[in-house]
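Accompanying notes for the structure given below.
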C-alpha cells in the first residue's frame, strides 16, 4: 500500500483526495520509484479540471524525483538504487509516495543535482530548453517577449535567454514579481494589471515588435501577443493559465504580418529517449553553469488542494513542490 492523491470527478481543487492505493505488479520495461520530491505544474490543474481529459478515476501529477526500488524484466537503462527523475511517464500519478513508471522515461540524476532541484526543474527546465533552442532557436541580439516571467518556466527561460545574449521583455502580475523577473534575466518587465502590454512592447522595440512571443497565459493574452510580433514573427502558445484561447480565423495571421503560430508540447519534443536525455542533460549543464532554480513554495502531499489553489490564484513564484 502507498498513499496517493486521486480524483474521481473533474472540478476545482476540492476534488483531490488522499487515498491508500495498491501498486500494480511490475511488467516488462517498468520500474518502481519511491518518491523523494514531487513537482507541481500547471498542466496538473488542466487534468484535474477536465480541460485535458483523463480517464477517471485518476491519479495526478507528471513530475517527481526519487529512488528506483525495483525494475521489471528487460530493464537495462536504469538500475535498482539509482536516483532518477521524470517529467511525463504515462498516466498522471506523481502525486504519490511511490509509483510504477516506464523505465525508459526515467532520467538518471547526477550527484550535483538534488532531488528537490530535479523535481522543481525537470519539466519546467526541459520546457524552457525546447522552447528557446528548438521551437524558436533564439540567437544573441534578438529581443523576445516571455509571458509569466516570474513563474516556474519563466524564471528558468529568462535566465537562459539572457545567457544566450537575448534581450528579454517579461510580463508579470505584480510589482513583487516584477523585481523577481528583473533579477532573473529580464531587461524590462511589464506588469499586466496596469499596462497595455502590446503598446509597451512596441514602445520598447521602437515600433518594430519582437520576432517571437512565448505565451503560457492563454486566453487573456493571446490576441495581444499577436500584436507584439514583427512581420513573419512566431507566436509560441504553450499554456492556458487564464483559460483556453478562443478559436481564431487563420486569415488573422496574414492580416497581422504573415505570422507563424505553434502549440508545442514537451512530450512531443522528448518522445524518444535520446531526445529526453539530451534535453535533461542540457538543463543539468545549465544548472552547473549558474542557472538558478527557485523553489517558491512547498506543501505536504496531503495538502495538494492548497497547492492547486495557490497555483491557480497566480500568487506563486518559481516552482512548487509537494513534500513527503
(message) Tally up the residues in the stretch 184-204 that are assigned to a loop (DSSP other than H, G, I, E, B) and surrounded by fewer than 18 Cβ atoms within 10 Å (Cβ to Cβ), please.
(response) 5
(request) Report the residue count in the stretch 133-151 for those that are surrounded by 24 or more Cβ atoms within 10 Å (Cβ to Cβ) and either out of contact with any strand residue (DSSP E or B) (no Cβ under 9 Å at 6 or more places or on another chain) or part of a loop (DSSP other than H, G, I, E, B) (or both). (result) 4
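Matching residues to (1) in a strand (DSSP E or B); (2) farther than 24 Å from residue 2 by Cα; (3) assigned by TED's automatic domain parsing to the domain that holds residue 150; (4) under 18 Å from the mean Cα position of the chain (by Cα):
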position: 74; (1), (2), (3), (4): no, yes, no, no
position: 91; (1), (2), (3), (4): no, no, no, yes
position: 101; (1), (2), (3), (4): yes, no, no, no
position: 110; (1), (2), (3), (4): no, yes, no, no
position: 128; (1), (2), (3), (4): no, yes, no, yes
position: 131; (1), (2), (3), (4): no, yes, no, yes
(message) Which count do you get for residues in the stretch 8-33 that are within 22 Å of the chain's Cα centre (by Cα) and either outside any loop (DSSP other than H, G, I, E, B) or loosely packed, with under 15 Cβ neighbours inside 10 Å (or both)?
(response) 4
(request) Would you tally the residues in the stretch 167-183 being at pLDDT 95 or above and crowded, with 24+ Cβ neighbours inside 10 Å? (result) 6
(request) Would you tally the residues in the stretch 93-127 being surrounded by fewer than 24 Cβ atoms within 10 Å (Cβ to Cβ), without any contact (Cβ under 8 Å) to a residue 60 or more places away in the chain and within 27 Å of residue 16 (Cβ to Cβ)? (result) 1
(message) Just checking, does the stretch 242-251 include any residue being assigned by TED's automatic domain parsing to the domain that holds residue 152, in contact with a helix residue (DSSP H, G or I) (Cβ under 6 Å, 6 or more places away or on another chain) and farther than 30 Å from residue 102 by Cα?
(response) yes
(message) Suppose we filter 176, 118 for residues that are assigned to a helix (DSSP H, G or I) and over 15 Å from the mean Cα position of the chain (by Cα); which single one remains?
(response) 176
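The rows are residues; the columns are (1) without any contact (Cβ under 8 Å) to a residue 12 or more places away in the chain; (2) in a loop (DSSP other than H, G, I, E, B); (3) touching a strand residue (DSSP E or B) at 6+ places or on another chain (Cβ under 7 Å).
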position: 278; (1), (2), (3): yes, no, no
position: 298; (1), (2), (3): no, no, yes
position: 304; (1), (2), (3): no, no, yes
position: 310; (1), (2), (3): no, no, yes
position: 314; (1), (2), (3): no, yes, no
(request) Please enumerate the residues belonging to the stretch 205-219 that are surrounded by 15 or more Cβ atoms within 10 Å (Cβ to Cβ) and outside any strand (DSSP E or B). (result) 205, 209, 216, 217, 218
(message) Checking the structure you have, find out if any residue of the stretch 46-59 is part of a strand (DSSP E or B), surrounded by fewer than 21 Cβ atoms within 10 Å (Cβ to Cβ) and assigned by TED's automatic domain parsing to the domain that holds residue 279.
(response) yes
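The values are calculated or read from the model by the stated rules, or taken from the named source; none is laboratory data. None of these values were measured; they are calculated from a predicted model. Every residue, glycine among them, receives a Cβ derived from its backbone with ideal geometry; neighbour counts consider all protein chains shown.
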